[in-house]
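Okay, structure first, notes after.
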Amino acid sequence: MTYNNTRAFQENHKEPRTLPQDEPLDPAVERVRKKLMRLMIISISITIILILFVLAGVIYKIITPETASKQTKPLVLQSDNLPFAHHTLLLPPKAQIISQSLSDHHIALRVLMPNGQTHFMIYNYRTGALIANLSVTMAQETAVTKPFQAQ
């Protein structure tokens, strides 16, 4: 290195340059920075605490054995003391059961009769009694009505 280069090097590196981060801040800006840091620390702390609570809940659910409550007993255990229902339902020949629905002690059957009519037959399956027989027929229009037109 030459003398000129060495001297230029020493002059350039003689005094360290100050970075914008090292300069003192305005007091108002410093107060805002402290408030933001405090808010950030509080929000991160709350987030970490909530994550720990969730993890503790998951671990608790995994560790504790499942106990069957009284309400979730199987239906078989609840109906052990009831007599077994065995009934024969009489339908016309060539009638087809289209669908069925159970509700409490009733069973509703949608039956397509041989003549093409649809019947809804509702039985009490405990007693075998026919509660209702509803037949569905299509009503024919006798008078043609014009749609209402507002003027």
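Take S99 and decide whether it is exposed (fewer than 11 other Cβ atoms within 10 Å of the Cβ), modelled with pLDDT of 70 or more and out of contact with any Cys (no Cβ under 6 Å at 6 or more places or on another chain). Taking the combined requirement at face value, the residue satisfies it.
Scanning region 127-141 for residues that are hydrophobic (A, V, I, L, M, F, W, C) and in a loop (DSSP other than H, G, I, E, B), we see that the one that is surrounded by the most Cβ atoms within 10 Å (Cβ to Cβ) is A129. Residues in region 102-126 that are among the hydroxyl-bearing types (S, T, Y) and surrounded by 11 or more Cβ atoms within 10 Å (Cβ to Cβ): T118, Y123, Y125. The residue list Q21, Q10 contains one member that is in a loop (DSSP other than H, G, I, E, B) and either modelled with pLDDT under 75 or in the same structural domain as R126 (by TED's automatic domain parsing) (or both), which is Q21.
The values are calculated or read from the model by the stated rules, or taken from the named source; none is laboratory data. Since the structure is predicted, the reported quantities are computational estimates derived from the model, not experimental observations. Cβ: placed from backbone, ideal geometry, glycine included. Neighbour counts: every protein chain shown.
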